[in-house]
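Colleague: There's a structure below that I have some questions on.
What follows draws every value from the coordinates through simple rules; no lab data is involved. Predicted, not measured: the structure shown is a model, and the values here were computed from it. Don't worry about glycine lacking a Cβ; one is built from the backbone with ideal geometry, like all the others, and counts go over all protein chains shown.
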Amino acid sequence: MRGYHRQMFRIIALLLCIALPMRGFAEGLPDLGEISQAALSPQLERKVGEQFMREIRQFEPGYLDDPDITEYLNTLGYRLVSNSPEARQDFEFFVLKDQTLNAFAMPGGFIGVHTGLIAASQSESELASVLGHEIGHVVQRHLARQIGQQSQMTLPLLMAMMIGILAARSNAQIGQAAVMAAQAATIQSQLYYSREYEREADRVGFQILRDAGFDVRAMPVFFERLQRYARVYDNNAPTYLRTHPVTSERIADIENRIQGVTYRQAPDSLEFNLVRAKLKAEQDQPRDAAASFAKELRDKTYPDQVAAHYGLARALLRMKDVAGAQAEVDAIRKATAGNKDLRSPMLENLAGQVRLAAGDIGGAIAGYAEALKTYPNSKSLSYAYGEALLAGQRTGEASIFVNSQLQFYPRDEKLYDLQARVFLAQGKRLAHYRAVGELMALRGNLPAAIDQYQFAQKSGDGDFFEQSGVDARLRELRRLRQEEVKDLKQAR
């Protein structure tokens, strides 16, 4: 835990230094007439959120870097966002490996969800109701409005609030330490949304849930279950209840809204059940998970047959039982034959991973290539296909594929990491250093990015045009670093 404390304090120090020079940036933005806009513009809010997300990806031990689950959560999230009052705003949904029930919104449209909350959701509409509520907090700019109510040190206050939101999500002592380190004793109270903000987020979330086609009755049902948990846990209530107090008044208000809504059945998506099965298969003990899924299939007590086979295959893979996992993949193929509604990129990814575990790299590559024809926008399949090409030493094809993906996703860290490894395997030193440099720049580490481009200059390979590109980019990175250092000095 000491290491975790050090990471938290490092993030606090870095972000508080960043906050002060950002004030100058905010001063040049138009005044939109609201106190929250005056204190923290949407553009600045996004920049702050992006910086904090970079730190989460690198230093938060619970950050779950699972392309399948992240892709599902963002697909679900954007289904809701597209029906929100601010559909034009960028959002990013991410997962933290934590068994507590929690979700939280950060500035700039970044929404974190605990695996425990996903597991506790008994329907997709329940999970969507929580996401809709968090989207409501974002589009109503509640964090910015809280900052707007504080006339002093607005951006440092925001940074400390963000640290507290992350740290206090499952450990109150760390949260308190973060607050103390930021020297802002009043911040702790800001981690709890006011009743007004909660009702406002409920109202917006309810509308989003309804317009996105989910069952609005899931919202009060889930909140009532949280209340029951609170009674059982007494003073150790789920984190979500501590940061989003659920009252009988809120539940009654939501139920009143339901009275005017026509009942609409909203069946769970296949991906919802697959994600829950994957979390169980990979977070429980593999033998326990395998036994549980096998029992569900034997007794036919599963919520979804395909998901039960999928979960069993995942657990068997963890046990190194490749033949058993392949048998479950075959069972899935049989159960889904001829039914397009029972197909999913998650199933194709599983099939490829089983082939790779069996040593059939060629079969995995062919399977991924075929799957991408059906799901060309699936990032999880794109990553898997690129990795398989690299594993099969088909570096030429891998390079072409990754470069094509970067045309669509030029800020994708995973693609730059893959590209760097492909170039390294090809012996292209300049291109390798350049790719690592871009990865470091995306992570906000300009000194490391400059180092990599200097290595590229001295690599001894690359043609005239490549060397010229490296020189130009290095000049740009050095300029950006000078501006960064200047801002940090002013902040002191």
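Colleague: Provide the per-residue ³J(HN,Hα) series for the range 385-402, in order, calculated from phi with Karplus coefficients 6.51, -1.76, 1.60 and θ = phi - 60°, each as a whole number of Hz, with x at glycine and proline positions.
Modeller: 5, x, 5, 5, 4, 5, 4, x, 6, 9, 5, x, 5, 4, 4, 4, 5, 5
Colleague: Now for a separate question. Could you give the nm distance between label points at TYR78 and GLU224, where each point is 7 Å from its Cα heading toward the beta carbon?
Modeller: 3.5
Colleague: Using the Karplus equation 6.51 cos²θ - 1.76 cosθ + 1.60 (θ = phi - 60°), what ³J(HN,Hα) coupling, rounded to whole Hz, does each residue of the range 363-371 give in order, writing x for Gly and Pro?
Modeller: x, 5, 4, 5, x, 5, 4, 5, 5
Colleague: Return the long-range amide H neighbours of LEU101 (sequence gap of 5 or more, or a different chain), with a cut-off of under 5 Å between placed amide H atoms.
Modeller: The list, which skips near neighbours in sequence, is THR239, TYR240.
Colleague: Pairs LYS300/LYS373; LYS278/LYS340; LYS295/LYS414; LYS373/LYS458; LYS97/LYS320: which are spaced more than 29 Å apart, C-alpha to C-alpha?
Modeller: LYS300/LYS373; LYS295/LYS414; LYS373/LYS458
Colleague: Same structure again: Which order, highest average first, do 104-116, 427-439 follow once you tally other Cβ atoms within 10 Å for each residue and take the mean per peptide?
Modeller: 104-116, 427-439
Colleague: Going highest first, how would you order 59-71, 309-321 by mean Cβ packing within 10 Å?
Modeller: 309-321, 59-71
Colleague: Show which aspartates and glutamates lie in cross-link reach of LYS428 when reach means a straight Cα distance below 12 angstrom and same-chain residues fewer than eight apart are skipped.
Modeller: Within reach: ASP461, ASP463, GLU466.
Colleague: What list of ³J(HN,Hα) values in whole Hz, one per residue of the range 260-267 in order, does the Karplus curve 6.51 cos²θ - 1.76 cosθ + 1.60 (θ = phi - 60°) give from phi, with Gly and Pro shown as x?
Modeller: Couplings: x, 10, 5, 4, 9, 6, 10, x Hz.
Colleague: Let me ask another. Please list, by residue number, everything in the range 300-331 whose backbone N is under 20 Å from a paramagnetic label point 7 Å out along Cα→Cβ of GLN285.
Modeller: So the set is 311-321.
Colleague: Starting from 0.36 nm per residue, how many nanometres of slack lie between GLU466 and LYS295 once their C-alpha separation is accounted for?
Modeller: The GLU466-LYS295 span can extend by a further 55.7 nm.
Colleague: Let me ask something else about it. Taking the mean number of other Cβ atoms within 10 Å as a proxy for protection, how do you rank 472-480, 374-382, 202-210 from highest to lowest?
Modeller: 202-210, 374-382, 472-480
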